[in-house]
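Read the structure below first, then the notes.
The values are calculated or read from the model by the stated rules, or taken from the named source; none is laboratory data. This structure is a prediction, so every number in the text was calculated from the model and none was measured. Here the Cβ is made from the backbone with ideal geometry for all residues, glycine too, and neighbour counts use every protein chain on show.
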Amino acid sequence: MAVDEQQKKLYQKNIKLYQPKSHVLRNGLKAFLIGGLICTIGQGISRIYMTFLPITQEEAMSPTLATLILLAALATGFGIYDKLGQFAGAGSLVPVTGFSNAMTSAALEHKSEGLVFGIGANMFKLTGAVIAFGVLSAYLVGLTRMLVEMLINS
């Protein structure tokens, strides 16, 4: 028994030499900074829309999101977003731009198979579940609100 314990300790000591070091603080800081930068860019785009168009902050949300999605799709197409994702990790995945990157990269990966069976069939493999869950959730929230309003008004 004592030999087995000594071998386990020696094995653990030796394997630590070959395991990659975890840089949690550094990776967390990079994710925070890049995610914050993406959100700051989004806020700037929103301010531009509110300055040049007669719209409120709430009305500026949709075109701001659409612009961020377009910019992320373009960055994915040019290979910029992948490098950003490798550097920032979750900081580039959490904002809506990560969703755009997932769709665009799947579409680019299967473009050689054609528009319908390549891009159309594979574009939503990663994001289809998110879209389906979002649509179902929106339906259930809307249905619940309608039922509550019907109960209150009757």
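Quickly run through segment 10-45 and pick out the residues that are assigned to a helix (DSSP H, G or I) and among the aromatic types (Phe, Trp, Tyr). Correct list: TYR11, PHE32.
Residue-wise test of (1) polar (S, T, N, Q); (2) under 28 Å from ASN27 (Cα atoms); (3) out of contact with any Ser or Thr (no Cβ under 7 Å at 6 or more places or on another chain); (4) part of a loop (DSSP other than H, G, I, E, B).
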position	(1), (2), (3), (4)
TYR49	no, no, no, no
ALA60	no, no, no, no
PRO63	no, no, yes, no
THR67	yes, yes, yes, no
ALA72	no, yes, no, no
ALA75	no, yes, yes, no
PHE87	no, yes, yes, no
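When LYS125 is tested against (1) without any contact (Cβ under 8 Å) to a residue 24 or more places away in the chain; (2) under 27 Å from MET61 (Cα atoms); (3) part of a helix (DSSP H, G or I), only condition (3) is not met. The set of residues from segment 86-116 being farther than 27 Å from LEU33 by Cβ and among the polar types (S, T, N, Q) comprises just one member, SER112.
So that you can scan it fast, the table gives a plain yes or no per residue for (1) among the acidic types (Asp, Glu); (2) loosely packed, with under 10 Cβ neighbours inside 10 Å; (3) modelled with pLDDT of 80 or more:
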position	(1), (2), (3)
VAL116	no, yes, no
LEU126	no, no, no
SER137	no, no, yes
GLY142	no, no, yes
GLU149	yes, no, yes
